[in-house]
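Asker: Below is one structure. I have some questions about it.
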Amino acid sequence: MSPANHSTQVRSGFVAFVGAGPGDENLLTLRGADLLGRADVVVLDRQAYGPLLRHCREDAEVVDISADAAENSVSLRTLQEAKAGRTVVRLCPGDPSFFSSVTDEVAACVKADVDFEIVPGVPPATAVLTYAGIPPAVSVPEFRIVDAAQVDDWSVHASCEGTLVIYNGVADAVPISKALIGGGKPDTTPVAVTSDGTTTEQYTVVSTLGRLGPDLKHAGMTEPAVIVVGEAVGMRDRLSWFETKSLFGWRVLVPRTKEQSKGLSEQLRSYGAVPEEVPTISVEPPRTPQQMDRAIKGLVTGRYEWVAFTSANAVKAVREKFEEYGLDARAFAGLKVAAVGDATSRALVEFGVKPDLMPTGEQSSEGLLAEWPPYDSMLDPINRVLLPRADIATETLVAGLTQLGWECDDVTAYRTVRAAPPPAPIREAIKGGGFDAVLFTSSSTVRNLVGIAGKPHNVTVIAVIGPQTAKTAEEFGLRVDVMADRPSASALAAALADYGAKLRHAAISAGEVPRRPSQTRRGARRRVK
């Protein structure tokens with residue numbers, strides 16, 4: 001093996017102990033993600049760190065261990081796989097160097113002469129505090145981290161003059177606070193307890209050492225959690241940024257196709273929401289491909305002056321046909337291309353085609369027609385327009401172009417059919433109020449979701465992309481709470497975020513703890529501040 005290759009490849013019989021971070025999957029280190037991508041075997045608690053498997057190869061073997069799995073059996077499996085010449089990644093909570101239980105596994109690798117690497121992770125001691133709006137070490141003389149399970153005398157830590165961070169102490173939070181007071185810490189010392197830190201389930205109770213008992217009584221705090229003691233807690237009111245997001249913790253149903261929902265889901269996550277993608281429409285090829293074959297041939301041979309795309313799916317269908325024939329975006333040379341909206345335009349640009357015409361107002365067939373020039377025999381050498389569309393597309397565009405003097409080849413590029421029903425837990429959450437909001441991006445998504453899963457619960461916020469979708473939702477007996485100011489998925493997500501922000505502000509102004517819509521239904525778990 002050359003030196004260059006040696007520096008970029010992991011040797012066989014190798015174990016990497018990788019810190020998985022505090023909970024937010026985006027806090028995994030680059031080195032950790034790289035090793036997961038190379039792993040033959042991944043050993044992890046799947047319930048806690050399952051999302052990190054997206055970095056792995058499809059053929060990687062996953063060994064799922066429960067929180068109470070015997071250490072010796074995990075160590076034995078890791079060693080067996082490494083000795084068989086496989087690359088093993090052992091995902092560890094937080095940082096393997098912070099109060100970790102993998103020390104014995106590392107020692108076993110040394111004893112068995114198995115190569116290993118320890119990859120640091122982002123520790124909860126800093127990340128959870130930052131996500132809770134508490135600066136870990138700003139203008140304080142000391143930053144101390146302790147494991148409650150290893151402390152016998154709290155008076156030693158009562159003398160900490162800065163920020164004291166306590167792991168594994170939520171079950172004994174009240175006795176710990178009393179012990180710190182007994183050791184000389186003022187009972188007015190600020191304290192915060194944060195559970196499920198850096199995740200959308202994060203919840204923080206702010207109190208003082210003297211009042212911690214009553215304030216925690218109904219909070220339902222469980223591990224993983226950290227306790228923070230010190231004056232830095234007082235800065236949370238100014239620095240809190242995560243739990244104050246407009247849709248923090250909202251479970252939002254996105255009833256679209258997988259391809260369509262990706263960008264929308266990313267936008268929802270930026271508002272703190274937890275999107276759940278449930279396909280209601282399946283996009284399939286036309287039953288007979290001959291019509292599309294003729295259209296592509298005509299496009300290449302100069303039959304058309306314009307090609308009008310009314311959806312990203314239409315772009316995808318034409319692109320796939322191009323690839324089938326060995327063509328690329330150069331085949332559009334000399335053609336004029338129209339796109340009905342932003343999403344369709346993005347799909348064309350990704351294909352290598354820049355649209356010549358887009359609506360300046362409403363992103364719809366009507367908006368596109370408002371911009372479309374009439375046919376002029378002196379200026380336009382060809383009077384024909386290609387419209388590759390869905391099998392259920394409306395005739396608005398064809399009729400409007402015909403009135404403008406154009407001839408249209410209205411071609412079925414793809415079919416839309418109702419998707420299979422989602423799993424039972426999703427259906428139950430839809431009908432039982434488990435979702436905080438649902439986004440409807442078309443009338444068909446309303447009809448199809450109700451058809452495959454039933455009507456959303458009346459506590460669920462209904463958000464629609466425009467008036468026609470609102471009308472369809474109301475026909476199904478749904479109360480429309482939010483409507484986008486323009487017909488785009490991005491505007492719809494932004495409108496829901498604005499609605500969530502107003503709900504949050506109203507609750508705070510009334511002196512109440514902000515609650516998600518799903519928490520208002522009867523029998524929902526309620527946390528009391």
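Asker: How much of the accessible area of the chain, in percent, comes from carbon and sulfur atoms when a 1.4 Å probe is used? Write down the numbers at each step before the final one.
Answerer: Numbers: 12930 of 25570 Å².
Its accessible area is 51 percent carbon and sulfur atoms.
Asker: Ok, one more. Roughly what % of DSSP beta bridges within the chain run antiparallel, to the nearest 5? Provide the component values of the computation, followed by the final result.
Answerer: Working: 20 of 69 bridges.
Bridges in the chain that DSSP calls antiparallel: roughly 30 percent.
Asker: Per DSSP H run of n ≥ 4, the term is -39500 (n - 2.57); total these for the chain, divide by its residue number, and report the mean residue ellipticity at 222 nm rounded to 500 deg cm²/dmol. Walk me through the intermediate numbers first.
Answerer: Details: 20 runs with 185 residues, N = 529.
Helices in the chain give a 222 nm mean residue ellipticity of -10000 deg cm²/dmol.
Asker: Going through the range 446-529, which GluC sites (Glu not before Pro) have at most 11 other Cβ atoms within 10 Å and a DSSP loop state?
Answerer: On the way: sites: Glu474, Glu475, Glu512; in loops: Glu512.
Answer in residue order: Glu512.
Asker: Same structure again: Run the numbers for Ser240 and His218: contour at 0.36 nm per residue of separation, minus the present Cα-Cα distance, in nm.
Answerer: Values: separation 22, 0.36 × 22 = 7.92 nm, distance 2.23 nm.
So the extension gain works out to 5.7 nm.
Asker: Sticking with this one: Counting DSSP beta bridges in the range 147-290, what percent are antiparallel, to the nearest 5?
Answerer: Working: 15 of 20 bridges.
In the range 147-290, DSSP labels about 75 percent of beta bridges as antiparallel.
Asker: Extension gain Ala333-Asp172, at 0.36 nm per residue separation less the Cα-Cα distance, in nm? Intermediate results must be reported in sequence, preceding the final value.
Answerer: Numbers: separation 161, 0.36 × 161 = 57.96 nm, distance 7.16 nm.
Length difference between fully extended and current span is 50.8 nm.
Asker: How much accessible area does Tyr131 have with a 1.4 Å probe, in Å² rounded to the nearest 10?
Answerer: For Tyr131, the solvent-accessible surface is approximately 30 Å².
Asker: Hey, another quick one. Normalising by the residue count of the chain, find the relative contact order in percent from Cα pairs under 8 Å and 6+ residues apart.
Answerer: Relative contact order of the chain: 10 percent.
Asker: Cα-based Rg (one decimal) and Dmax (whole number) for the chain, in Å?
Answerer: So, for the chain, Rg and Dmax equal 28.9, 94 Å respectively.
Asker: Under a point spin-label approximation (7 Å from Cα along Cα-to-Cβ), what is the Asp153-Asn458 distance to one decimal in nm?
Answerer: A separation of 6.3 nm, rounded to one decimal place.
Asker: Using a 7 Å offset from the Cα along the Cα-to-Cβ direction at both Glu512 and Asp34, what is the distance between the two label points in nm, to one decimal?
Answerer: Between Glu512 and Asp34, the label points sit 5.1 nm apart.
Asker: Given contacts defined as C-alpha pairs under 8 Å and at least six residues apart, what's the relative contact order of the range 406-529, whole-number percent? Don't skip to the answer; put the middle values down first.
Answerer: Numbers: 158 pairs, mean separation 25.5, N = 124.
Relative contact order here is 21 percent.
Asker: Additional query: How would you classify the range 296-386 from its alpha-carbon gyration tensor, with a ≥ b ≥ c the square roots of the eigenvalues: rounded for a/c under 1.5, else prolate if a/b is greater than b/c, otherwise oblate?
Answerer: Working: a/c = 2.20, a/b = 1.12, b/c = 1.96.
Oblate, since a/c reaches 1.5 and b/c is not below a/b.
Asker: Sorting Arg319, Arg330, Arg346, Arg236 by accessible area (1.4 Å probe), largest first, what list results?
Answerer: On the way: Arg319 80, Arg330 185, Arg346 140, Arg236 35 Å².
Descending order: Arg330, Arg346, Arg319, Arg236.
Asker: Still on this structure, please answer the following. Using a 1.4 angstrom probe on the protein heavy atoms only, could you order Thr520, Thr194 from most to least accessible area? Show your work: numbers first, answer last.
Answerer: Values: Thr520 80, Thr194 5 Å².
Correct descending sequence by accessible area is Thr520, Thr194.
Asker: With each label point set 7 Å from Cα along the Cα-Cβ vector, what nm distance links Glu320 and Arg415?
Answerer: Placing both labels 7 Å beyond Cα along the Cβ direction yields 1.2 nm.
Asker: In square angstrom, rounded to the nearest 10, how much accessible surface does Leu239 have for a 1.4 Å probe?
Answerer: About 80 Å², ignoring ligands and nucleic acids.
Asker: Are there trypsin sites (Lys or Arg not before Pro) in the range 251-313 that DSSP puts in a loop and that have at most 11 other Cβ atoms within 10 Å, and which ones?
Answerer: Answer in residue order: Arg287.
Asker: Follow-up question, since we're still on this one. Using protein chains only and a probe of 1.4 angstrom, how many square angstrom of Ser365 are accessible, to the nearest 10?
Answerer: Approximately 20 Å² of Ser365 is accessible to the 1.4 Å probe.
Asker: In whole angstrom, how far apart do the alpha carbon centroids of the range 287-309 and the range 429-495 sit?
Answerer: 35 Å
Asker: Starting from 0.36 nm per residue, how many nanometres of slack lie between Glu61 and Arg521 once their C-alpha separation is accounted for?
Answerer: Details: separation 460, 0.36 × 460 = 165.60 nm, distance 4.14 nm.
Here the segment from Glu61 to Arg521 would lengthen by 161.5 nm.
Asker: Could I ask something else about it? Which shape class applies to the range 203-313: rounded if a/c is under 1.5, otherwise prolate when a/b exceeds b/c and oblate if not, where a ≥ b ≥ c are the square roots of the Cα gyration tensor eigenvalues?
Answerer: Prolate, since a/c reaches 1.5 and a/b exceeds b/c.
Asker: Can I ask one more? Normalised by the residues of the range 257-383, what does the relative contact order come to in percent, with Cα pairs under 8 Å and at least six apart? Walk me through the numbers on the way to the answer.
Answerer: Working: 128 pairs, mean separation 25.2, N = 127.
Worked out over the range 257-383, it gives 20 percent.
Asker: Now, a different point. So which of Lys431/Lys502; Lys185/Lys217; Lys245/Lys455; Lys217/Lys502; Lys178/Lys502 end up more than 31 Å apart, counting from Cα to Cα?
Answerer: Lys178/Lys502
Asker: Checking the a/c ratio against 1.5 first, then a/b against b/c, what shape does the Cα gyration tensor give for the range 421-529?
Answerer: Working: a/c = 2.42, a/b = 1.26, b/c = 1.92.
In terms of gyration-tensor shape, oblate.
The values are calculated or read from the model by the stated rules, or taken from the named source; none is laboratory data. If you're wondering where the values come from, they're calculated on a predicted model, not measured in any experiment. For neighbour counting, all protein chains shown are included, and Cβ atoms are generated from backbone atoms with ideal geometry for every residue, glycine included. When the accessible area is computed, the model is the full protein with side chains, heavy atoms only, and any ligands, DNA or RNA have been set aside. Shrake-Rupley method; radii C 1.70, N 1.55, O 1.52, S 1.80 Å.
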